[in-house]
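Where a number appears in this text, it was derived from the coordinates with a stated rule and is not lab data. Model, not experiment: these values are computed from the prediction. FYI the Cβ positions are ideal-geometry reconstructions off the backbone, even for glycines, and counts take in every protein chain you see.
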Amino acid sequence: MDRNAPVGVFDSGVGGLTVAREIMRQLPEERIIYFGDTARLPYGSKSRDTVIRYSRQIIRFLRTMDVKAIVIACNTASSYALETVQAETDIPVIGVINAGARTAVKSTHNGKIGVIGTEGTIGSGIYTEVMRKMRPDIKVYGKSCPLFVPLVEEGLLHDSVTDEIASRYLSELKGKYIDTLVLGCTHYPLLRSTLRRLMGEEVTLVNPAYETALELRSLLRQQKLDRPESSLEEEKYQFFVSDLAEKFTSFATAILPGQVKETRKIHIEEY
Ligand code: DGL
């Protein structure tokens, strides 16, 4: 496998850009092919079988771009599809759940952790399972926040509607005296300032993206797949979506460090 090959990163939409952004920061020499499945979003309310089918199609597309490793930058797809696709794929595939769970377990003092995510992620109970394996006495309180993804996709990151909805969702968790809250959906770090204000400074907010990037770095090093260096002229990042490329491009430009020049639309159902 070519060390200069790109890393494939995918999500149902713009949320996975929070993970891509972290990979760009921590592994600046790596090339990235990002795919956002904007035509079929949200994944959070879909069944396990559907999310596995979508993930397989995306992985087939990414393989046509000769990626050397894949990051499932979506908690829902990580919850439902990671094990299945790992078993079928001969390049490394990682998700975001283990990284988020590990960080939360390390950070809690009182052993009470909240997790917010899509209906799929919270319903799967995967965070509880993974964190309890790491520390059996931990108490995990999950809360699904289905309206957060459309709010983020609509760009309503700082809006009174978002505030109102967030305060309803979080009131239940506030009563549990958690000291750590996992942002268990890659869209949610974009609502960080609202979540921080509502939860208060004493609650640690965990964004699994940071640890996921570190995990990717050690995996690439271990397998001698890390890219030695990059040149300044190259187009290091490429973006693909299944719908509405222009909207995605302006969103990506707003949250990524550099200007995103182009996003290409592909027909993902053909893969
Ligand atoms: N960003 C995704 C996640 O981390 C899912 C959003 C959705 O499509 O429902 O779960």
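Numbers at a glance
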item	result
Members of 68/261; 139/176; 46/139; 46/236 lying beyond 21 Å, as alpha-carbon distances in this model show	68/261; 46/139; 46/236
Mean projected area in nm² (Cα convex hull; one quarter of hull surface) for the chain	13.5 nm²
Sequence ranges 256-263, 96-103, ranked by mean other-Cβ count within 10 angstrom, highest first	96-103, 256-263
Calculated diffusion of the stretch 2-143, Stokes-Einstein form, Kirkwood radius summed over Cα pairs, 37 °C and 0.692 mPa s, µm²/s	209 µm²/s
Potential extension, residue 112-residue 172 segment - 0.36 nm per residue separation minus Cα distance	20.2 nm
Spacing of the two label points (7 Å from each Cα toward its C-beta) at residue 56 and residue 264, in nm	2.5 nm
Largest to smallest principal axis extent of the C-alpha atoms in the stretch 58-100, angstrom	28, 16, 15
For the chain, calculated [θ]222 nm from helices alone, where every DSSP H run of n ≥ 4 adds -39500 (n - 2.57)	-13500 deg cm²/dmol
Estimated distance in nm for a label pair at residue 229 and residue 247, the labels positioned 7 Å out from Cα along Cα-to-Cβ	4.3 nm
Distance histogram in 10 Å bins (all Cα pairs of the stretch 155-235, percent per bin)	15, 35, 22, 17, 11, 0
Paramagnetic reach from residue 158 (point 7 Å along Cα→Cβ, amide N under 14 Å) across the stretch 197-224	197
Percent breakdown of C-alpha pair distances by 10 Å bin, ordered from the shortest bin, for the stretch 8-58	25, 48, 22, 5
Net charge dipole size for the stretch 51-177 [Lys, Arg +1 and Asp, Glu -1 on Cβ; Debye, nearest 20]	580 debye
Size of charge dipole - the stretch 1-118 - debye, nearest 20, with Cβ of Lys, Arg +1 and Asp, Glu -1, no other charges	280 debye
Part-to-part distance (alpha-carbon centres) for the stretch 161-230 and the stretch 1-43, which is given in Å	17 Å
Gyration tensor over alpha-carbon atoms, the stretch 125-271, equivalent ellipsoid semi-axes in Å	31, 23, 15
